[in-house]
Structure formats: structure tokens, C-alpha cells
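So the structure is just underneath, and the comments pick up after that.
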Amino acid sequence: MKYDFDNIIKRAGTHSMKWDSAERRIGVPDVLPMWVADMDFMAPQPVIDALRKRVEHGVYGYAEKPDSYYEAVISWQRKRFDWHIKRDWIVFTPGVVTALCMAIQAYTAPGDKVVIQPPVYYPFFEIIQHNDRKVLNNPLKIKGNRYVMDLDHLEKAVDERTKMMILCSPHNPTGRVWAKEELVQLSQICEARGIILVSDEIHADLVMRGHTHIPTASLSDRTASCVVTCNAPTKTFNLAGLEVAYAIIPDQKLRHLLKKTLTQTGLMLSNMFGIVALEAAYNRGEEWLEQLLSYLRGNFEFLLSFVKNHMPRVSVFPLEGTYLVWLDFRKYNLTDKALKDLLLKEAKVWLVDGPRFGLGGEGFQRINIGCPRETLAQGLTQIARALKRFD
């Protein structure tokens with residue numbers, strides 16, 4: 001089946017966080033939203049068909065996770081990443097951020113330190129602090145035109161109160177897909193120091209040609225014993241509103257602790273529509289995904305060309321994975337507030353401010369290119385016009 005990713009679907013007025021919350025969240029109405037990480041594309045037709053069939057049944061009582069749910073997850077990990085996981089490793093969670101919160105509560109105590117690698121997905125900071133733990137920053141370094149881990153800094157920074165690390169793999173917002181060598185070195189440090197490595201791999205399926213996502217826990221049995229992998233079909237297939245995710249935990253003790261915390265919090269039940277969508281997406285959505293990846297590559301190439309021709313002072317970091325592009329506006333010598341005001345009030349485009357991602361985010365913005373090319377062109381054109389007076 002050929003999917004039409006150029007089709008513009010009206011989302012305003014559907015209680016969309018992305019499209020309907022500008023005035024409430026930022027006080028600026030009528031902006032083009034290119035911020036939060038959901039896409040403006042319809043889900044795969046098999047997912048829509050499966051949900052429609054379930055809706056038409058008409059009874060929406062409590063749901064269990066059938067064998068087919070676990071089989072779908074196992075098959076997907078094997079097919080996409082050659083990772084052979086076992087059923088009892090899989091722990092259902094309502095979302096990846098929820099799983100990260102539960103991991104913090106399960107594996108650390110108040111006052112303990114949790115490592116993150118800024119600039120990084122901003123909820124990481126919030127969930128650590130909201131749980132009375134301490135953020136330990138291990139900032140990424142820019143080497144050439146890409147980001148790399150500063151593992152020398154990490155080894156010096158961790159201490160006896162450092163109990164956990166959250167890895168973003170692929171990395172949001174920098175677009176890095178970590179190489180095997182990087183993951184091996186990182187995991188060795190964590191293993192040696194007794195640090196539990198919680199790997200957020202929600203963007204694992206969204207990897208550009210020439211790059212390969214490697215599940216951190218798949219590196220070796222020893223590595224798997226200290227890694228908790230958090231994943232979901234929600235970013236891949238644009239299903240975020242259905243709240244379905246899972247953790248993969250080979251180590252029995254770590255698995256027991258996370259399950260216990262989920263139970264203590266009352267997060268045991270499943271969203272029946274999320275289960276239906278996960279199965280349909282993983283079993284029959286691969287054709288849609290391959291077409292999506294091709295379209296996203298085209299969008300990124302369009303953005304590169306547009307920026308080169310119309311905003312040459314903006315630097316674009318390579319997109320190895322995700323559909324979130326990291327833009328460097330530092331050559332304009334604007335304060336972050338001035339840049340934010342320019343984009344929101346003059347360009348009328350809503351991106352995510354770089355400083356929200358922590359250290360190293362100053363002067364940057366993140367743009368979501370998971371949209372029809374016409375929408376992307378509109379947003380870039382409005383930004384270019386607003387910047388023109390600085391040329």
C-alpha cells in the first residue's frame with residue numbers, strides 16, 4: 001500500500017497538545033507548532049483497521065495482555081535489531097517516561113545521583129528532581145559536526161551516591177545514533193561502578209540510512225544484567241495518545257524491583273486500545289514505517305537545502321536518528337530570550353528552546369520535521385523571513 005505523507009490533516013480542534021495548546025502554554029496564539037515529538041501523519045492503515053474493529057465491538061471493559069502482545073514485541077525486536085528477548089523480560093508500562101520514573105524509584109533512594117547527558121530530553125531533569133534525586137550532568141561534546149560522549153568526564157564525575165544513569169538512544173535532541181564502540185565503553189563504566197543503566201530507546205526504529213541502532217542490553221549477557229531498556233511503538237507509529245510502552249529487563253532482580261514499584265503505584269492495568277495498536281503496528285506496520293523513513297529523509301534533505309540557501313548562518317547537525325533536528329543559531333549572537341521571541345512572535349513558529357535541554361543548549365532550537373513537506377516549508381519560510389533583518 002502506498003501511503004500519502006504529503007496529505008495535510010487538520011489537527012486543530014482535536015484536543016491536540018501540539019496544535020491546541022499554544023495560548024495556554026506559551027501565551028502566543030496562532031503559531032505553527034513544530035515542537036512536541038508527535039507527527040502530523042495518520043497511523044498505518046492496519047492500526048486504524050484494528051482499532052476500528054475493536055471500537056465496533058462496543059464493550060470496553062478491563063483488558064488483559066494476550067500472548068499475541070508479547071509475541072509481537074519479541075518478533076519486532078528480533079526482526080528489527082536481531083535481539084532475541086524472552087517473554088518474561090517484558091514489563092508493561094503506560095509510557096516510557098512513566099517507566100523512567102518508576103526506575104528512579106525502584107533503583108535509587110532520595111539524595112542519590114542519576115546521570116544524564118545534556119543537552120538531552122528535558123523530562124529527564126524533571127523526573128529526577130521531582131523524585132528528590134540529584135541530577136549528575138555528563139555533558140556531550142561537539143566533535144566536528146556531531147556530538148560524542150565525554151566518558152573521561154563520566155568516570156571522574158561518578159561517586160558512591162551515583163546509582164543510575166539514563167541513556168537516550170537514539171539521542172534526543174542531537175540526533176545521534178550511538179555506535180557500538182561508544183555503547184560498549186559506556187556500559188563498561190556502569191558495570192564497573194555498579195550503576196544501573198536505563199536506556200530510553202523509544203526512537204530506536206527511526207534511524208536514517210547508513211546508521212544502525214544497537215539495543216544497549218544486547219551487547220553482552222554481562223551488560224544485560226545492569227541494563228533496563230524502555231521502548232514503545234508510540235514514536236514510531238505516531239500512537240502517543242494511546243499510552244502503551246514496555247520495559248525489557250533480562251535481570252530478574254531488576255525486573256522484580258520495577259514490577260514491585262509499578263504495583264505500589266497502582267499502574268497494573270492496560271489500555272486495551274494501546275494493546276490492539278501495538279500488535280497491529282508491530283505485526284503489519286513495517287511497510288508504513290519504511291515509507292515513513294524515506295519521507296523523513298526527504299524532509300531532512302529539504303531542510304538542509306533550504307537552510308543553506310536561505311539561512312546560511314544557521315548550522316544543522318546531522319540527523320542519524322529521530323525526526324527531531326538540532327539547529328544552531330549561535331552565529332546570530334542573540335540571547336536565548338531574544339531568539340525565542342523572534343521565532344514565536346515574528347516568525348510565528350513554535351520550536352523547542354535549546355536551554356530546555358540543559359547544559360549546551362544555549363543558542364539552539366529543536367524542530368520537528370515529522371510533518372508534510374508543505375508544512376515544513378511553511379515553517380522554514382516564516383523563520384527565514386524573521387531572520388532576514390539580521391543578514
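For Leu304, the conditions (1) over 23 Å from the mean Cα position of the chain (by Cα); (2) in a helix (DSSP H, G or I); (3) free of Cβ contacts under 8 Å to residues at least 24 places away in the same chain are fulfilled apart from (1).
Determine, yes or no, whether Thr229 is free of Cβ contacts under 8 Å to residues at least 60 places away in the same chain, closer than 30 Å to Met42 by Cβ, surrounded by 24 or more Cβ atoms within 10 Å (Cβ to Cβ) and among the β-branched types (Val, Ile, Thr). When the stated conditions are applied, Thr229 passes them.
Scanning segment 32-88 for residues that are touching a Lys or Arg at 6+ places or on another chain (Cβ under 6 Å) and free of Cβ contacts under 8 Å to residues at least 12 places away in the same chain gives a single hit, His84. What about Thr223, is it closer than 27 Å to Arg366 by Cβ and polar (S, T, N, Q)? For Thr223, the condition - closer than 27 Å to Arg366 by Cβ and polar (S, T, N, Q) - is not met. Anything in segment 334-346 that is in contact (Cβ under 8 Å) with a residue 40 or more places away in the chain and either touching a helix residue (DSSP H, G or I) at 6+ places or on another chain (Cβ under 6 Å) or not assigned by TED's automatic domain parsing to the domain that holds Ile369 (or both)? List them, or say none. Within segment 334-346, Leu342, Glu346 qualify. Only one of the listed residues (Lys308, Lys253) is surrounded by fewer than 16 Cβ atoms within 10 Å (Cβ to Cβ) and assigned by TED's automatic domain parsing to the domain that holds Gly379. That residue is Lys308.
Take Thr216 and decide whether it is of a type in the set (Val, Ile, Thr), in the same structural domain as Leu267 (by TED's automatic domain parsing) and touching a strand residue (DSSP E or B) at 6+ places or on another chain (Cβ under 9 Å). Spelling it out, Thr216 is indeed of a type in the set (Val, Ile, Thr), in the same structural domain as Leu267 (by TED's automatic domain parsing) and touching a strand residue (DSSP E or B) at 6+ places or on another chain (Cβ under 9 Å). The number of residues in segment 101-131 that are of a type in the set (D, E, K, R) and either under 23 Å from Leu151 (Cα atoms) or in contact (Cβ under 8 Å) with a residue 40 or more places away in the chain (or both) comes to 2.
Evaluating Val325 against the criteria (1) part of a helix (DSSP H, G or I); (2) in contact with a Leu (Cβ under 7 Å, 6 or more places away or on another chain); (3) within 25 Å of Phe237 (Cα to Cα) leaves one unmet condition, (1). Out of everything in segment 256-299 that is within 30 Å of His211 (Cα to Cα) and basic (Lys, Arg), what residue ends up being surrounded by the fewest Cβ atoms within 10 Å (Cβ to Cβ)? Once the filter is applied, the top-ranked residue is Arg297. Yes or no: Glu160 more than 20 Å from the chain's Cα centre (by Cα), in a loop (DSSP other than H, G, I, E, B) and either of a type in the set (A, V, I, L, M) or over 18 Å from Arg78 (Cα atoms) (or both)? Here the answer is yes, as Glu160 does meet what is asked. May I ask you to list pairs of residues, at least six apart or on different chains, whose Cβ atoms are under 8 Å apart, with the first in segment 194-217 being farther than 16 Å from Gln117 by Cα and the second being assigned to a loop (DSSP other than H, G, I, E, B) and among the β-branched types (Val, Ile, Thr)? So the pair list comes out as His203/Thr322; Leu206/Thr322; Val207/Val177; Met208/Val177; His211/Val177; Thr212/Val177; His213/Val177. Of everything in segment 143-157 that is in a strand (DSSP E or B) and in contact with an Asp or Glu (Cβ under 9 Å, 6 or more places away or on another chain), the residue that is nearest to Pro318 (Cα to Cα) is Arg146. Within segment 258-266, not a single residue is of a type in the set (Ser, Thr, Tyr), in contact with a strand residue (DSSP E or B) (Cβ under 6 Å, 6 or more places away or on another chain) and not assigned by TED's automatic domain parsing to the domain that holds Met39.
The values are calculated or read from the model by the stated rules, or taken from the named source; none is laboratory data. Quick caveat: nothing in here was measured; it's all calculated off a predicted structure. With ideal geometry, Cβ positions are generated from the backbone for all residues, glycine too; neighbour counts draw on all protein chains shown.
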